[in-house]
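Have a look at the structure below, then the notes.
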Amino acid sequence: LNNDAKLLELFETEEMIQKVRSILLLPNIEFRLTTLVNNSRVNYHVIFSNEISIHDIEENFLHQR
């Protein structure tokens, strides 16, 4: 969150705002497969670097065939 007004609305102290700003968010895509291992479904999670733009993820990963 980089919107100072919204942060002030949501969090009471500057200390809490700084803690929120320090949280690292990583883009993640989950693939739910029909594959079973020991009668449990297998899912894959692809976690992207926070340095990759959402546009690059969409264009170079999601839209590739």
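The values are calculated or read from the model by the stated rules, or taken from the named source; none is laboratory data. In this text the structure is predicted, and so the values were computed from the model without any measurement. When we count neighbours, we look across all protein chains shown, and the Cβ atoms used for this are built from the backbone with ideal geometry, even at glycine. Only protein heavy atoms, including side chains, enter the accessible area calculation; ligands, DNA and RNA are left aside. Shrake-Rupley method; radii C 1.70, N 1.55, O 1.52, S 1.80 Å.
If I filter region 1-49 down to residues being of a type in the set (Asp, Glu) and farther than 25 Å from residue 62 by Cβ, which single residue comes out as least open to solvent (accessible area, probe 1.4 Å)?
4
Of the residues that sit in region 39-58 and are of a type in the set (D, E, K, R) and not in a loop (DSSP other than H, G, I, E, B), which one is modelled with the lowest pLDDT?
Our first condition is that a residue be of a type in the set (D, E, K, R); within region 39-58, this holds for 41, 51, 56, 58.
Cutting the leftovers down to not in a loop (DSSP other than H, G, I, E, B) gives us 41, 56, 58.
Values: 41: 88, 56: 93, 58: 91.
Filtering region 39-58 for residues that are of a type in the set (D, E, K, R) and not in a loop (DSSP other than H, G, I, E, B), the one modelled with the lowest pLDDT comes out as 41.
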